[in-house]
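Some notes on the structure that comes next.
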Amino acid sequence: MHIERLDPARVDDVVAVLAAAHAHDLPDDPPFAPGYEGRRILHPTPDEPTTHWVAVDGPSGRIVGLVQLTTPELDNTSTGIVDLTVHPEFRRRGVGRLLWDSVADLALASERKLLIFEARMDSVGEAFARSLGAELGLYDARRRLLVDKDVRARAVDLETSSRPHATGYAVHSFVGAAPERFAAGLAYLNGRMSTDAPMENLQWEPEVYDVERLRGREEAAQQQGLEVYTTVAVDEEGTVAAFTHIGLAPEIPEHGWQWNTIVDPDHRGHRLGTWVKVANLAHLLRRRPEVRTLLTWNAASNTHMIAVNEAMGFRLWDHWGEWQVRL
C-alpha cells in the first residue's frame with residue numbers, strides 16, 4: 001500500500017470509492033451523485049485550494065482510499081480541512097491511519113498547525129477521530145425535510161404570518177450568481193456566518209468576504225454543476241438584511257441541501273429568517289417541483305435556527321461532529 005497524489009485521469013476511480021462508502025455508511029441518505037462529486041474534486045473553490053491524495057493497493061494498483069486537504073488562503077491560514085475516506089472493503093487494515101499520517105505531514109509542510117474534519121456520531125468516523133485523540137469542536141444536528149402537502153401548506157402559513165413583522169422589507173429570489181445590486185451585501189453576510197453562528201469549541205477564525213471571493217465561489221459552484229437557489233430580504237434602501245440558499249445537484253433532482261441562513265444583527269426581530277427560508281423553498285419548488293427532501297445542518301446549540309427549521313417541518317436525522325487535531 002502506498003500514497004500518491006491523485007492523477008486527475010483517475011477521478012472516476014476515486015468517485016467509485018466515495019460511492020461505496022456512501023452506500024455503506026449512509027444507506028438512508030439521498031442517492032450519491034457521482035458526476036457532481038467528480039466535478040467537486042476537479043473544481044474546488046479558489047479561495048480554499050484542495051489537494052487530493054490516494055491510497056493505492058500495490059499488487060492491483062486499485063485506489064482504495066482518498067484524503068483531501070483544503071488550505072484556506074484568505075483566513076484561517078494555519079488551519080487545514082481534511083476529508084478522509086476508505087473503501088469499506090479495505091477498512092481495519094491501517095489504510096486510514098496511513099492516509100492521516102500522510103496528510104498531517106503535508107499540512108505541517110504548508111505551516112498548518114490545526115486540522116479539522118467532520119464525522120458522523122456513533123460511526124466508524126467518530127471511532128477514528130477518537131483514536132487520533134481529536135477534540136470535538138462543534139456538535140452538529142442534521143435535519144431532514146420531507147416535502148409533502150403539509151409542508152407546503154405550513155410554508156404558506158409561515159410566510160403569511162411573517163410578513164406583518166417585516167414591514168419595509170421585500171424579498172427577491174434568483175438562481176446562480178447574485179445580481180450585482182446584492183453582491184456586496186451577500187459577501188458581507190457570508191462573512192458573518194463565521195462570527196454569528198455558534199462555533200462552541202471549534203477553533204475557527206472570522207472569515208472576511210468581498211465580492212471577488214463571492215464571485216469565485218459562484219463560479220466554482222457553476223463548474224461543479226450545482227444549481228443554487230437564493231432568496232434575499234432587502235430594506236427600503238436596498239440593503240441586504242438577510243439571505244438563505246439551497247443547493248441542488250441535477251443528477252438527483254429530488255433532493256437538495258439547505259445551506260446558510262443569516263439575518264444581519266441590525267435587522268433582527270422582524271422574522272426575516274423565517275420569511276427568506278419559506279420564500280426560497282417556494283422559489284425552489286416552482287423551478288423543481290420534483291424535490292422531495294432537503295437536508296440541513298445546524299450547531300445543536302443554535303436553538304433559534306433549529307426552531308425555525310422545526311416550524312417548517314424539518315425533523316432530526318442524525319448528529320455529526322466537527323473534530324480538530326493540533327499537530
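The values are calculated or read from the model by the stated rules, or taken from the named source; none is laboratory data. Since this is a predicted model, take the numbers as computed values, not measurements. With ideal geometry, Cβ positions are generated from the backbone for all residues, glycine too; neighbour counts draw on all protein chains shown. Only protein heavy atoms, including side chains, enter the accessible area calculation; ligands, DNA and RNA are left aside. Shrake-Rupley method; radii C 1.70, N 1.55, O 1.52, S 1.80 Å.
For the reader, a short list of remarks on this structure follows.
- Calculated from backbone phi, Karplus (6.51, -1.76, 1.60) coupling profile of the range 315-327 in Hz, x at Gly/Pro: 10, 4, 10, 6, 10, 10, x, 9, 9, 9, 10, 8, 8
- Here the 3J(HN,Hα) profile of the range 147-161, calculated from phi with Karplus coefficients 6.51, -1.76 and 1.60 at θ = phi - 60°, is 7, 9, 4, 5, 5, 4, 5, 5, 4, 4, 5, 5, 5, 4, 6 Hz, Gly and Pro shown as x.
- Accessible area of the chain divided out per residue, in Å², using a probe of 1.4 angstrom: 46 Å²
- Theoretical ellipticity at 222 nm over the chain - DSSP helices of four or more residues, -39500 (n - 2.57) apiece, nearest 500: -11500 deg cm²/dmol
- The length gained on full extension between ASP7 and ASP122, counted as 0.36 nm times the residue separation minus their Cα-Cα distance, comes to 38.1 nm.
- Cα convex hull of the range 62-166 - mean projected area over all directions, nm²: 11.4 nm²
- Among the GluC sites (Glu not before Pro) found in the range 197-255, those both in a DSSP coil and sparsely packed, with 15 or fewer other Cβ atoms within 10 Å of their Cβ, are GLU200, GLU236, GLU237, GLU251, GLU254.
- ILE252 versus LEU316: modelled label distance in nm, points set 7 Å from Cα along the beta carbon direction: 2.3 nm
- For MET121, the residues 5 or more places off, or on other chains, whose built amide H falls under 5 Å of its own are HIS319, TRP320, GLY321.
- For the range 178-190, 3J(HN,Hα) per residue [Karplus equation, 6.51 cos²θ - 1.76 cosθ + 1.60, θ = phi - 60°, Hz, x = Gly/Pro]: 6, x, 4, 5, 9, 4, 5, x, 5, 4, 4, 5, 4
- Heavy-atom surface analysis with a 1.4 Å probe gives the chain a carbon and sulfur content of 50 percent of its accessible area.
- Rounded FRET efficiency, nearest 0.05, which uses the C-beta distance separating GLN222 from ALA109 and R0 of 25 Å: 0.20
- Spin-label model distance (nm) - ALA307 vs ASP57, 7 Å beyond Cα toward Cβ: 5.3 nm
- Amide H contacts of TRP259 (H built 1.01 Å from N, under 5 Å, at least 5 apart or other chain): HIS245, ILE246, GLY247
- Distance between the pseudo-spin-label points of LEU285 and HIS165 (7 Å out from Cα toward the beta carbon): 2.1 nm.
- Estimated translational D of the range 1-75 in µm²/s (Stokes, Kirkwood radius over Cα pairs; 25 °C; 0.890 mPa s): 183 µm²/s
- Tail weight of P(r) past 30 Å, computed on alpha-carbon pairs of the chain, percent: 36 percent
- Note on the range 174-221: Cα Rg divided by 2.2 N^0.38 Å, N the number of residues, gives 1.26.
- Amide H contacts of GLY65 (H built 1.01 Å from N, in plane; Pro and chain starts excluded): ALA55, HIS87 sit under 5 Å, all sequence-distant by 5 or more or on other chains.
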